[in-house]
Amino acid sequence: MVRRRIAVLGLALVGGAFANAHGATDALGAFRDGPHDGRIARASGFVCPDRVGPYIRDAAGQSGMSRKRVFCSYYALDGIYGTVRILPLAGKFDGPSLLAGQFSQEAGSGGRVVAQKSRSFHSASGPLHVFTRTYETSHLENLHYRVSYASAPVLGWVVEVISEYASPRDDATKTVFLNWVYGPGLATLQPRQAAGASPAGQ
């Protein structure tokens, strides 16, 4: 499970290049430096801090050709990973369709769906309904290795969170990251400017 998910998320070409290479990230123009070693996405204003609770940022970059489709990835102890990805929303929001590629790869590699539901969060812009789906990839004794996907439309953007963890051991830690992204993390997100914006997925 460890780091194989970077490829599943379509980040293989950039994940390794940006880990420990913030200068390269800035050169692409997707981010600018923020206070306390934060990285600020130029297009959306979203701030990726150096730390989120027990999580430490290890990469920030682009997962597509557009400057407006960006990601920040984090890790915690015991092989726990969290990635937040922000891309422009084109048309009506459809969480399953936007994540269809990742879902197909999960199913193709033997993952099985163990949960799918809509969750509610209270964000800076008001109540937020988030689509979620969780896959179990393997298990060992009492640990169930899972990948959880979450997606929601916010101010003209799609904000996605992908978590890798072992349940039940890491359930609380995974929730810390999810609650931050769809709570305090959205406070800096700026409304998307429609003019000249690139379609989602590019």
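The values are calculated or read from the model by the stated rules, or taken from the named source; none is laboratory data. Everything numeric in this text was worked out from a predicted model, so none of it was measured. Here the Cβ is made from the backbone with ideal geometry for all residues, glycine too, and neighbour counts use every protein chain on show. Please note that ligands, DNA and RNA were not included when accessible areas were found on the heavy atoms of the full protein model with its side chains. Shrake-Rupley method; radii C 1.70, N 1.55, O 1.52, S 1.80 Å.
Can you compute log10 of I(q)/I(0) for region 28-127 with the Debye formula, treating each Cα as one identical point scatterer, at q = 0.11, 0.22, 0.25 Å⁻¹? Debye output, listed in q order: -0.44, -1.36, -1.34.
Please report, as a whole percent, how much of the solvent-accessible surface of region 44-202 comes from carbon and sulfur atoms (probe radius 1.4 Å). Its accessible area is 53 percent carbon and sulfur atoms.
I need the calculated FRET efficiency for the pair SER109 and HIS36, taking r as the beta carbon distance and R₀ as 41 Å, to the nearest 0.05.
On the way: r = 38 Å, r/R0 = 0.92.
Efficiency at R0 = 41 Å is approximately 0.60.
For the peptides 102-113, 81-92, 130-141, residues were scored by their other Cβ atoms within 10 Å and the scores averaged per peptide; the highest-first order is 81-92, 130-141, 102-113. With the gyration tensor restricted to C-alpha atoms of region 97-172, the semi-axes of the equivalent ellipsoid amount to 25, 16, 8 Å, longest first.
Taking all protein chains into account, the per residue accessible area for region 124-169 stands at 38 Å² (1.4 Å probe). Once the C-beta distance of HIS122 and ASN142 is scaled by a Förster radius of 35 Å, the resulting FRET efficiency is 0.60 to the nearest 0.05.
Might you tell me the accessible area per residue for region 52-113, computed with a 1.4 Å probe and given in Å²?
Accessible surface, normalised per residue, equals 42 Å².
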